[in-house]
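Each value in this text was obtained by applying a stated rule to the coordinates, not by laboratory testing. Because the structure is a prediction, the values reported are computed rather than measured. In this analysis, Cβ positions are derived from the backbone assuming ideal geometry, glycine residues included, and neighbour counts consider all displayed protein chains.
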Amino acid sequence: MKPKKAVRATVILAVAGALTAATMVALAPTASAGTTLRTAAAEKGRYFGAAVATGKLSTSTYVNILNREFNSVVAENEMKWDATEPQQGRFSYSGGDRLVSHAQANGMSVRGHALLWHQQQPGWAQGLSGSALRNAAINHVTQVATYYRGKIYAWDVVNEAFADGGSGGRRDSNLQRTGNDWIEAAFRAARAADPGAKLCYNDYNTDGINAKSTGIYNMVRDFKSRGVPIDCVGFQSHLGTTLAGDYQANLQRFADLGVDVQITELDVMTGSNQANIFGAVTRACLAVTRCTGITVWGVRDCDSWRGSDNALLFDCNGNKKSAYDAVLNALNSGTPIPTTPPPNPTTPPPNPTTPPPNPTTPPPGPSGCSASVTVNSWTGGFVVNVKVTAGSSGTRGWNVALTLPAGASVTNTWSATASGSSGSVRFANVDYNGQLAAGQVTEFGFQGTGTASGLAPTCTAS
């Protein structure tokens, strides 16, 4: 993720390891099937995307390339905190909406970028700290992810939270100073707000196995072991004139943790090695089954944040560069993501002597439904996710009542309407999740201040 116009030299030049042209794998011949990046990637079960500035959607050369070559888009700036919540509690989605509409009209998926980042925060957020900032940050995640629910393929929930250098530790930022669990809290809030979106952590200078990428690896491994909802890791890959020799191995070790990996902001410094590096990155992704896609950070060289580096696949006139050919060849020669094979036809049918389920097992849910809660808390605030399960007769509507501890207060709610904000609070279904079949489950959530221990919800169905 880039500041609007800043050039970060350390990102461009500090790429660990070296993979020269002499050690590159030779480019494979172009297959006849995939004649554009989007079709060649789709044939391999992946996406090939581009970062988009919506102001350029009125430029015909730009749009023609975008629509022809890419099947995924991500906003350069339009979905960041300063753009979507310029004043606290007042949200603006016009830029993001324009991108989503363009994507939907042209068969593209959308990556959301980014919910929380230490840069490009609105001024009001920069002036907060402690529990006030934590509550504001979680509210921002909740509101934006809820607004775009069902429209985003994957969110960069947290961006660039680890420090450069050899420590492998967290970056010092106002968000980090709210408590070391702030990343976990953000992911849990994002999952509650949009259960269908992939939730990613995204960072730069992680192209090889180094202290920074290992610090992130350890966080992801911890999250997976504790059930923190993380689905993917993004590798920005702003590359210079070499590529880390263990680039693919680094992707693979993250994939082995059970998360998808994605190349999220690829660009490569111009020079004799540019095409080779683009091709090698593409082959590395295709060699890792859980590498689901590649995004280049811009469409043409003159659209790039890297200025005269000419770091993309098209020149300013829209002409394809040799780097484009290298990527297309690599896509066409790659291996598709394997599909799950059908059940073995020789597998015997279930044992007919297996007894039927115990008829004395009670139907789910008292009074027509039941409710359970999971709570993610931090000093001064919390997010609660509530699971509603319909009883044996199903529901036409439901209500969940619970009592908050003294001093706790509900600040916002999603997928339900709340009556009251403290003490005894009742939550009712909204129009799309009230009618449940027997045993069917729906979820809603709410955020609050104070503490939320000992919650005992009761559910009533109509």
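Using the Cβ atoms and a cut-off under 15 Å, what net charge is assigned to the surroundings of Arg46, where Lys and Arg are +1 and Asp and Glu are -1?
Numbers: positive: Arg38, Lys44, Arg111, Lys198, Arg283, Arg290; negative: Glu43, Glu69, Asp260.
That sum, taken over residues with Cβ under 15 Å, equals +3.
In this rough spin-label picture, where each label sits 7 Å from Cα along the Cβ direction, the Asp256-Ser372 distance is 3.3 nm.
Treating each Cα of region 405-462 as an identical point scatterer and summing with the Debye formula, the log10 of I(q)/I(0) at q = 0.27 Å⁻¹ comes to -1.25.
Using θ = phi - 60° in the Karplus curve 6.51 cos²θ - 1.76 cosθ + 1.60, the 3J(HN,Hα) couplings for region 68-79 round to 6, 9, 10, 10, 8, 9, 9, 6, 5, 9, 6, 10 Hz; x is entered for Gly and Pro. Recomputing Cα extents along the principal axes in Å from the coordinates shown identifies the correct label among [x] 70, 66, 45; [y] 99, 58, 41; [z] 108, 53, 39 as [x]. Taking Cα atoms only, the orientation of helix 322-333 departs from the longest principal axis of the chain by about 60 degrees. Couplings 3J(HN,Hα) for region 229-235, derived from phi with the Karplus relation 6.51 cos²θ - 1.76 cosθ + 1.60 (θ = phi - 60°), are x, 10, 10, 7, 10, x, 10 Hz, where x marks Gly and Pro.
Taking every DSSP bridge with both residues inside the chain, close to 55 percent are antiparallel. Charged neighbours of His118, selected by a Cβ distance under 11 Å, balance to +1 (K, R count +1; D, E count -1). Net charge of the neighbourhood of Lys321, taken over other residues with C-beta under 9 Å away and scored Lys/Arg +1, Asp/Glu -1, is -2.
Restricting to DSSP H runs of at least four residues, report the calculated mean residue ellipticity at 222 nm for the chain, -39500 (n - 2.57) per run over all residues, nearest 500 deg cm²/dmol. List each step's numbers first, then the result.
Numbers: 12 runs with 123 residues, N = 462.
Counting only the DSSP helices, I get -8000 deg cm²/dmol.
Considering only Cα atoms, the convex hull volume of region 185-295 works out to 93 Å³ per residue. Once C-alpha pairs closer than 8 Å and six or more residues apart are averaged by separation and normalised to the residue number of the chain, the relative contact order reads 15 percent. Each residue of region 174-184 was assigned a 3J(HN,Hα) from its phi angle through the Karplus curve 6.51 cos²θ - 1.76 cosθ + 1.60 (θ = phi - 60°); the sequence is 5, 5, 4, 6, 7, x, 5, 8, 5, 5, 4 Hz, with glycine and proline shown as x.
Residues whose amide H falls under 5 Å from that of Ala53, counting only those 5 or more places apart or on a different chain, are Glu76, with hydrogens built in the peptide plane. From the alpha carbon centroid of region 51-85 to that of region 116-152 is 22 Å.
Which pairs in the list Lys80/Lys387; Lys198/Lys320; Lys44/Lys320; Lys56/Lys321; Lys80/Lys320 are over 26 Å apart, alpha-carbon to alpha-carbon? Don't skip to the answer; put the middle values down first.
Working: Lys80/Lys387 30 Å; Lys198/Lys320 32 Å; Lys44/Lys320 22 Å; Lys56/Lys321 21 Å; Lys80/Lys320 30 Å.
As for pairs spanning more than 26 Å Cα to Cα, those are Lys80/Lys387; Lys198/Lys320; Lys80/Lys320.
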